[in-house]
């Protein structure tokens, strides 16, 4: 299995000044995984140090045949993960 980055995630990494290997590490070591009921994508969430403090960071991805395509990444605001779970948008897997 090969892990590929979408053009969108590469743009986000540059815009948000996030290290290039972080999405792959989050995908491989995520503490939690969800299904986004709006997009159908899988979400990997992991706490990591970014911008000087520890935060949850999400990576959205999908499986393409035998490969995985990482679609986007962003740090979650305080309570954002809980709100998405509570609203039913994210379903824990």
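Is it the case, given these coordinates, that residue 28 is under 15 Å from residue 4 (Cβ atoms) and out of contact with any helix residue (DSSP H, G or I) (no Cβ under 8 Å at 6 or more places or on another chain)? Walk me through how you get there before you give the answer.
On the way: under 15 Å from residue 4 (Cβ atoms): yes; out of contact with any helix residue (DSSP H, G or I) (no Cβ under 8 Å at 6 or more places or on another chain): yes.
Judged against the criteria, residue 28 is a match.
With respect to residue 17, determine if the residue is surrounded by fewer than 18 Cβ atoms within 10 Å (Cβ to Cβ) and part of a strand (DSSP E or B). Answer is no for this residue. In the stretch 49-66, the residue that is modelled with the lowest pLDDT out of those that are more than 20 Å from residue 11 (Cβ to Cβ) and either loosely packed, with under 12 Cβ neighbours inside 10 Å or in contact with a helix residue (DSSP H, G or I) (Cβ under 8 Å, 6 or more places away or on another chain) (or both) is 65. Regarding residue 38, is this residue out of contact with any helix residue (DSSP H, G or I) (no Cβ under 7 Å at 6 or more places or on another chain), modelled with pLDDT under 95 and not in a strand (DSSP E or B)? Spelling it out, it is not the case that residue 38 is out of contact with any helix residue (DSSP H, G or I) (no Cβ under 7 Å at 6 or more places or on another chain), modelled with pLDDT under 95 and not in a strand (DSSP E or B).
The values are calculated or read from the model by the stated rules, or taken from the named source; none is laboratory data. Here the structure is a predicted model, which is why all the values come from computation and not from measurement. Virtual Cβ from ideal backbone geometry, glycine too; neighbours counted across all protein chains shown.
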